[in-house]
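Accompanying notes for the structure given below.
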Amino acid sequence: MRHLALSSLLLVGTLASPALVSSASARSANSQDRTERRVYDRAHKDYHVWTDQEDRAYHRYFEARHQPYHDYGKLKAAQQRNYWNWRHAHPDGEERR
């Protein structure tokens with residue numbers, strides 16, 4: 001009887017493990033989707049992935065202009081264009097020059 005219970009438990013564990021792994025990877029992908037998004041830069045005709053690094057650059061953009069921070073999604077198209085013009089002129093590592 002014990003052997004049957006142990007075998008059943010091992011079978012259930014074996015069958016459930018792929019579902020648990022795929023569920024965990026799906027949650028990981030979903031959390032990454034929330035933190036990273038693609039933004040299209042119409043003037044330069046390219047996409048940018050909005051990562052933590054891009055967010056830091058975006059904050060530096062406002063600091064350099066001595067302006068209060070504004071959420072990117074709430075900016076007008078002209079203001080977004082101004083940001084991407086600045087960003088193309090200040091690639092990673094060159095924002096402080």
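The values are calculated or read from the model by the stated rules, or taken from the named source; none is laboratory data. Quick caveat: nothing in here was measured; it's all calculated off a predicted structure. Using ideal geometry, Cβ is built from the backbone for each residue, glycine included, and neighbour counts are taken over all protein chains shown.
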Can you find a residue in the range 74-95 that is under 15 Å from the mean Cα position of the chain (by Cα) and either modelled with pLDDT under 90 or hydroxyl-bearing (Ser, Thr, Tyr) (or both)?
-> no
Selection from the range 65-97 of residues that are in contact (Cβ under 8 Å) with a residue 12 or more places away in the chain, surrounded by 10 or more Cβ atoms within 10 Å (Cβ to Cβ) and farther than 14 Å from ARG37 by Cβ = ARG81, TYR83, TRP84, ASN85, TRP86, ARG87, HIS88, HIS90, ASP92, GLU95
Would you confirm whether any residue within the range 23-37 is surrounded by 12 or more Cβ atoms within 10 Å (Cβ to Cβ), modelled with pLDDT of 60 or more and closer than 20 Å to GLN79 by Cα?
-> yes
